[in-house]
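> The structure's right below; bear with me while I get my questions together.
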Amino acid sequence: MTVVTLIDARSQFRVPNHEVWKLEGARWTEIIDRLVEKTPPVDLEFSEVATSEAAVFIKAKEPPELHRLRADISHAICFEDWRPRPPQIAHITLFRFHAAKSISKVKVNARFVPIAATVRSLQLLEELVYPSIEITRLSAPLLLGVWDEAS
């Protein structure tokens, strides 16, 4: 599940995306690890199959803990005049595709049972080839829900 895309593959900066990672990656990793560790585990219930012009995915309502983490990351991370814009839904992409025309809404069998999950850890990944063909794992902080007095 994508929490926040720090650098979209289509982003255009004064330097190539991989150079942005070299310049900012270590600092961003520290910031994100600290924010994730302050966040309690997140309960999700994936209850709907949906489509977009490029993917089929399952989605859940965005719980307050996930919304806050996304907002905190978006507020803390900046490069030039750019800040990441987090998605507004919790979702897991089942597969991506390229369609000549947009596809209609997926009809799901009435026996589709919601899938519940508790997220206890996140991974910070650098995508080297979009979409996720080649990645570097930068960190895997736990959601601990630990807030210190300085926060």
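The values are calculated or read from the model by the stated rules, or taken from the named source; none is laboratory data. What you see is a predicted model; the values in this text were computed from it and never measured. No Cβ is skipped: glycine too gets one built from the backbone with ideal geometry, and neighbour counts run over all protein chains shown. These area figures cover heavy atoms from the full protein model, side chains too; ligands, DNA and RNA do not enter into them. Shrake-Rupley method; radii C 1.70, N 1.55, O 1.52, S 1.80 Å.
> Can you find a residue in region 120-134 that is in contact with a Ser or Thr (Cβ under 9 Å, 6 or more places away or on another chain), modelled with pLDDT under 85, within 22 Å of S11 (Cα to Cα) and open to solvent by less than 50 Å² (accessible area, probe 1.4 Å)?
Looking through region 120-134, at least one residue is in contact with a Ser or Thr (Cβ under 9 Å, 6 or more places away or on another chain), modelled with pLDDT under 85, within 22 Å of S11 (Cα to Cα) and open to solvent by less than 50 Å² (accessible area, probe 1.4 Å).
> Out of everything in region 22-80 that is basic (K, R) and under 16 Å from the mean Cα position of the chain (by Cα), what residue ends up being surrounded by the most Cβ atoms within 10 Å (Cβ to Cβ)?
Within region 22-80, the match that is surrounded by the most Cβ atoms within 10 Å (Cβ to Cβ) is R70.
> If I filter region 8-21 down to residues being surrounded by 16 or more Cβ atoms within 10 Å (Cβ to Cβ) and touching a residue at least 40 places away in the same chain (Cβ under 8 Å), which single residue comes out as nearest to I135 (Cα to Cα)?
The extreme case among them is W21.
> Continuing with the same structure: Could you check, for region 91-109, whether at least one of its residues is under 25 Å from V36 (Cβ atoms), in a loop (DSSP other than H, G, I, E, B) and modelled with pLDDT of 80 or more?
No - not one qualifying residue is present in region 91-109.
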